[in-house]
Each structure stands twice: as structure tokens, then as C-alpha cells.
1. Give, rounded to the nearest 20 debye, the magnitude of the charge dipole that segment 29-177 has about its Cα centre when Lys and Arg contribute +1 at Cβ and Asp and Glu contribute -1 at Cβ.
2. How much length would be gained if the chain were fully extended between residue 95 and residue 144, taking 0.36 nm per residue of separation minus their Cα-Cα distance, in nm to one decimal?
3. With respect to the cross-link table entries 61/175; 67/156; 113/178, which display a Cα-Cα separation exceeding 23 Å?
4. What are the ³J(HN,Hα) values, in whole Hz, obtained from phi via the Karplus relation 6.51 cos²θ - 1.76 cosθ + 1.60 with θ = phi - 60°, for each residue of segment 101-107 in sequence order, with x given for Gly and Pro?
5. Run through all the Cα pairs of segment 29-177 and give the fraction in each 5 Å bin from 0, expressed as whole percent.
6. Using 7 Å Cα-to-Cβ label points, what is the residue 121/residue 49 separation (nm, one decimal)?
7. Would you please state which residues of segment 133-158 a label at residue 107 would reach in this model, taking the label point 7 Å out along Cα→Cβ and a backbone N cut-off of under 13 Å?
8. Would you pull out the residues with amide H under 5 Å of residue 135's amide H, same chain only if 5 or more places away, H placed 1.01 Å from N?
Amino acid sequence: MAKKIITLFSVLCIFLLCYSSKAGEKSLLEIKSPAFENNKLIPKQYTCNGINISPPLFWSKIPVTTKSLALISDDPDAPMGTWVHWIIYNMPPISKGLQEGVLPLQNFSHDTKQGLNDFNKIGYGGPCPPSGTHRYFFKLYALDTKLNLEAGATKKQLENAMKDHILAQAELIGKYKK
């Protein structure tokens with residue numbers, strides 16, 4: 001009986017260590033932009049009122065077991081529901097970010113791909129709210145796999161493919177008002 005209790009206790013301890021490790025990883029990942037601070041205004045050049053190029057984004061503290069990174073940028077304040085502005089996935093875990101003005105290409109080196117935004121285009125579509133101040137979420141995901149998705153995937157397809165593969169996530173929020 002004592003041996004069973006010790007075995008059960010050991011299994012419980014191992015489970016808790018694994019769970020704590022994964023939970024700890026979720027809080028490590030960071031995403032930032034030199035163009036704007038979290039919860040601050042996105043400069044006009046990155047919007048439909050400017051030259052509509054993607055902002056520079058940089059990340060750090062990627063979990064060591066990461067196999068790929070994915071980014072979803074969307075606006076939950078859009079009048080017709082959340083509006084998707086950018087989807088990019090299968091970025092290599094050694095990448096440190098994205099430079100300003102990522103081209104609207106479907107495929108990049110290292111199998112990086114871009115998805116279809118709600119403007120029905122590949123690549124980045126900047127903030128363009130019809131009225132009021134909107135929030136734009138740049139959500140970065142560290143994944144334990146490379147995704148088997150073709151270029152041009154939708155947000156829903158990407159989220160379905162990422163399910164049960166997210167090691168860590170981080171977000172940066174920018175705001176914009178016309």
C-alpha cells in the first residue's frame with residue numbers, strides 16, 4: 001500500500017512539474033514594436049490613412065521547444081465583428097521579428113506563409129476604422145509544430161491548425177482613430 005501511495009505521489013509530482021513548466025512558458029514570450037507602445041496609438045503610416053505598411057515587430061523569450069511562430073492581427077472593435085488584418089505563420093523560431101513593410105507575398109523562405117485577411121488580400125492590411133478608436137491586437141504564438149497549411153489560410157483555419165500546439169503566446173495592442 002505504501003509503495004502505491006509513493007508511486008501515485010511521484011506521478012502527481014511529475015505532472016505538476018510539467019504543468020508548471022508549460023504554464024511558466026506561457027508567461028515568457030514577449031512581442032514589442034519600436035513604432036508604438038502597448039495600448040498606445042499606431043502611427044498613421046501603418047494605417048489606411050498613411051502608406052499602409054506593416055509595423056516593425058520584435059519578439060523575445062521564445063520557448064526552447066518552439067518549432068514555429070504564428071502571428072494574427074485583428075480588430076475586435078469592428079462593427080461587424082472581429083476584423084482580421086494580418087495572418088503570418090510557420091515563421092522559424094530563430095526569427096527575432098518582422099521588419100517594417102513586409103511584402104504581401106504568399107510564401108517566404110523557411111516555409112513562412114501569409115494568410116488571407118478580411119480585406120480579402122494576402123498580407124497586411126492596416127487599421128482603417130469607420131469611426132471611433134479601435135484596438136488592434138498583434139498576437140504572437142509559439143507552436144510545438146510547423147503547421148501543415150497552404151498559403152492563404154484564414155484566421156479560422158490557422159486557429160484550428162494551432163489548437164493543442166500553443167506553447168506560449170503574447171500580444172501587443174495598438175490603437176487608432178481616423
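1. Numbers: 16 positive and 13 negative charges, 40 e Å.
In total the dipole reaches around 200 debye.
2. On the way: separation 49, 0.36 × 49 = 17.64 nm, distance 1.52 nm.
Using 0.36 nm per residue and subtracting the Cα-Cα distance, I get 16.1 nm.
3. Numbers: 61/175 25 Å; 67/156 21 Å; 113/178 30 Å.
Where the Cα-Cα span goes over 23 Å, the pairs concerned are 61/175; 113/178.
4. Using θ = phi - 60°, the values come out as x, 4, 5, x, 9, 6, 10 Hz.
5. 2, 10, 21, 24, 22, 14, 6, 1, 0
6. Going from the residue 121 label point to the residue 49 one covers 1.8 nm.
7. Within reach of a label on residue 107, which here means backbone N under 13 Å from a point 7 Å along Cα→Cβ, segment 133-158 contributes 149-152.
8. Residues meeting the criterion, in which the H sits 1.01 Å from N, are 77.
Readers should treat all values here as calculations from the given coordinates under stated rules, not as data from a laboratory. Quantities reported herein were computed from a predicted structural model and do not represent experimental measurements. Neighbour counts are summed over all protein chains in view; Cβ atoms, including those assigned to glycine, are modelled from backbone coordinates with ideal geometry.
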